[in-house]
Amino acid sequence: MAQRNDGFTLWLTGLSGAGKTTIALELEQRLLAIGQRIERLDGDTVREGLTRDLGFSKEDRDKNIERVTFVAKLLSRNGVGVVCSFISPYRDARDKARRETTNFIEVFVDTPLEVCIERDVKGLYQKALAGELKQFTGIDDPYEAPEQPELVIRTAGETVQESVDHILAYLERRELIPTATAVTI
């Protein structure tokens with residue numbers, strides 16, 4: 001099958017520490033290795049530039065996702081695959097991204113809170129649990145899990161490679177990437 005030039009927006013959502021960035025980095029490398037046009041938008045890096053003026057209130061979180069959605073819309077409609085990894089805790093904001101971008105694919109990185117706390121490399125959960133960090137998703141701010149994501153990835157029970165293989169297989173089934181890419185490169 002010939003490669004299509006359809007863009008897509010693959011949206012990884014889940015708690016802090018769920019594995020979104022780790023999956024996005026591996027996915028990006030594997031897609032680049034097969035010649036796909038890919039851009040990766042990540043919560044931490046976007047907040048360093050595009051949304052550094054925003055805090056973590058619901059209004060600011062929604063504005064953050066609104067700006068990311070705008071960038072993903074421009075890229076995806078121009079044939080670029082966009083891999084977005086954001087906590088994006090509110091369904092309404094993710095639903096808006098779905099409506100506005102091309103070939104939206106919601107991937108719920110479903111990792112138990114206890115596992116995310118164990119992986120807490122930045123110490124954010126400990127600060128939130130101690131009351132030193134307010135409005136932290138999953139502790140004192142809600143996370144609204146997707147109701148019907150295209151994919152559910154459970155990082156507590158599989159390797160990064162397995163998680164990425166599931167995503168690549170889905171992209172192949174949707175004919176958004178050429179077949180036979182789900183093998184390790």
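Only the coordinates and a few stated rules stand behind these numbers; no lab work does. Quick caveat, the model's predicted, so the values are computed rather than measured. All Cβ positions, even for glycine, are placed from backbone atoms using ideal geometry, and neighbour counts span all protein chains on display.
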Charges at C-beta only: +1 for Lys and Arg, -1 for Asp and Glu. How large is the resulting dipole of the chain about its Cα centre, in Debye rounded to 20? 520 debye
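Scan segment 1-74 for trypsin sites (Lys or Arg not before Pro) in coil per DSSP, keeping those whose Cβ has at most 10 other Cβ atoms within 10 Å, and list them by number.
Details: sites: Arg4, Lys20, Arg30, Arg37, Arg40, Arg47, Arg52, Lys58, Arg61, Lys63, Arg67, Lys73; in loops: Arg4, Arg37, Arg52.
Hits after loop and neighbour filter: Arg52.
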Name the residue farthest towards the positive end of the dipole of the chain from the options Gln126, Gly157, Val71, assuming +1 on Cβ of Lys and Arg, -1 on Cβ of Asp and Glu, about the Cα centre. Val71
Using only the alpha-carbon atoms, how far is helix 91-100 inclined from the longest principal axis of the chain? Give it as 0 to 90 degrees, nearest 10. 30 degrees
5 Å is the cut-off here: which amide hydrogens, built 1.01 Å from N in the peptide plane, fall below it relative to Phe8, excluding neighbours closer than 5 in sequence? Val80, Gly81, Val82
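Note the full-extension length gain between Gln126 and Asp6 as 0.36 nm times their separation in residues minus their Cα-Cα distance, in nm to one decimal. Before the final figure, lay out the partial values.
On the way: separation 120, 0.36 × 120 = 43.20 nm, distance 4.24 nm.
Stretched fully, the Gln126-Asp6 segment lengthens by 39.0 nm.
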Quick check: residue separation of Leu50 and Lys96 times 0.36 nm, minus the Cα distance between them. What number comes out in nm? 14.7 nm
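According to the square roots a ≥ b ≥ c of the eigenvalues of the Cα gyration tensor, what is the shape class of segment 8-173, taking rounded for a/c under 1.5, prolate for a/b larger than b/c otherwise, and oblate for the remainder? Mind dumping the intermediate values first?
Details: a/c = 1.77, a/b = 1.28, b/c = 1.39.
In terms of gyration-tensor shape, oblate.
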Between Arg40 and residues 5 or more places away or on another chain, the pairs with built amide H atoms under 5 Å apart involve Val83
Which loop-located trypsin sites (Lys or Arg not before Pro) does segment 103-178 contain, where loop means any DSSP state but H, G, I, E or B and the Cβ has at most 14 other Cβ atoms within 10 Å? Lys122, Lys134, Arg174
Could you work out how far helix 160-173 tilts from the main Cα principal axis of the chain, as a 0 to 90 degree angle to the nearest 10? 50 degrees
Full extension between Asn78 and Glu66 adds, at 0.36 nm per residue less the Cα distance, a length in nm of 2.5 nm
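Say the cut-off is 27 Å between C-alpha atoms; which of Lys63/Lys122; Lys73/Lys122; Lys96/Lys127; Lys73/Lys134 go over it?
On the way: Lys63/Lys122 24 Å; Lys73/Lys122 31 Å; Lys96/Lys127 31 Å; Lys73/Lys134 31 Å.
From Lys63/Lys122; Lys73/Lys122; Lys96/Lys127; Lys73/Lys134, over 27 Å: Lys73/Lys122; Lys96/Lys127; Lys73/Lys134.
In the chain, what percentage of the DSSP-assigned beta bridges are antiparallel, given to the nearest 5?
Working: 0 of 19 bridges.
Of the beta bridges lying entirely in the chain, close to 0 percent run antiparallel.
Tell me what the chain gives for mean residue ellipticity at 222 nm when only DSSP H runs of n ≥ 4 count, each as -39,500 (n - 2.57), the sum divided by the residue total, rounded to 500 deg cm²/dmol. All intermediate terms of the calculation are to be shown ahead of the outcome.
Numbers: 7 runs with 76 residues, N = 185.
When only DSSP H runs of four or more count, the value is -12500 deg cm²/dmol.
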Any idea how far the Cα center of segment 151-167 sits from the one of segment 1-57, in Å? 15 Å
